[in-house]
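Novice: First the structure, then my questions, so here it is.
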Amino acid sequence: MAITTQATFDWVRTRPKICKASAIICRLLDDLAPHQHEEAHAATATKCYMKQYKLSEEEARAILKRQVKDAWKDINEGLLEQNMSSVSKPLLMVLLNHARANVLLNQDGDWYNDPYPYRDCVSSLLIDPVAV
């Protein structure tokens, strides 16, 4: 079964929870990660939440972290429903791996501006993978 079929595009157009959850995880994890060179005027989810709901930074970050947790639950639910769906498993794995990659890239800091600490990780994944 091909990953991209007309049924796949029709499914994505319905904006399924697993697609939204993957995007939420990626956006919020990036906004929650510390960035060395972040400009003061850059709009982040944390700043917007603080302004809109009149919260402290700690309160806003806690709420956003809870939203990330809830998005992971939506991804798990989407993967469990896969057996009852016409959507191909490889497509669902792309969505899962998209979120997983962002966890890795944002867990210890700002990989966009300082990629060198990740050199060994990327090398082990892409250049010297474990033989199965």
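The values are calculated or read from the model by the stated rules, or taken from the named source; none is laboratory data. All figures in this text were calculated on a predicted structure; none of them were measured in a lab. We place every Cβ from the backbone using ideal geometry, glycine too, and count neighbours over all the protein chains shown. Calculation scope for accessible area: heavy atoms of the full protein, side chains included, ligands and nucleic acids excluded. Shrake-Rupley method; radii C 1.70, N 1.55, O 1.52, S 1.80 Å.
Novice: Whole-Hz ³J(HN,Hα) for each residue in the stretch 119-125, computed from phi via Karplus 6.51 cos²θ - 1.76 cosθ + 1.60 with θ = phi - 60°, x for glycine and proline: what do you get?
Specialist: Whole-Hz 3J(HN,Hα) from phi for the stretch 119-125: 4, 5, 5, 5, 4, 5, 7.
Novice: What does the extension gain come out to for residue 101 and residue 43, with contour length at 0.36 nm per residue minus their alpha carbon separation?
Specialist: Extending this stretch completely gives an extra 18.6 nm.
Novice: Over 19 Å between Cα atoms: which of 17/51; 20/65; 17/69; 17/73; 20/73; 20/69 fall into that group?
Specialist: Going by Cα-Cα distance, 17/51 fall outside the 19 Å limit.
Novice: I would also like to ask the following. Given labels modelled 7 Å from the Cα in the Cβ direction, how far is it in nm from residue 114 to residue 69?
Specialist: Result: 2.8 nm between the two label points.
Novice: Something else about it: Each residue of the stretch 91-103 in order: what ³J(HN,Hα) in whole Hz does its phi give by Karplus 6.51 cos²θ - 1.76 cosθ + 1.60, θ = phi - 60°, with x for Gly and Pro?
Specialist: 5, 5, 5, 4, 5, 5, 5, 4, 5, 4, 4, 5, 4
Novice: Please work out how much accessible surface residue 108 shows to a 1.4 Å probe, ignoring ligands, DNA and RNA, in Å² rounded to 10.
Specialist: 120 Å²
Novice: At 0.36 nm per residue, minus the direct Cα-Cα distance, what do residue 123 and residue 32 gain on full extension? Give it in nm, one decimal, please.
Specialist: 30.2 nm
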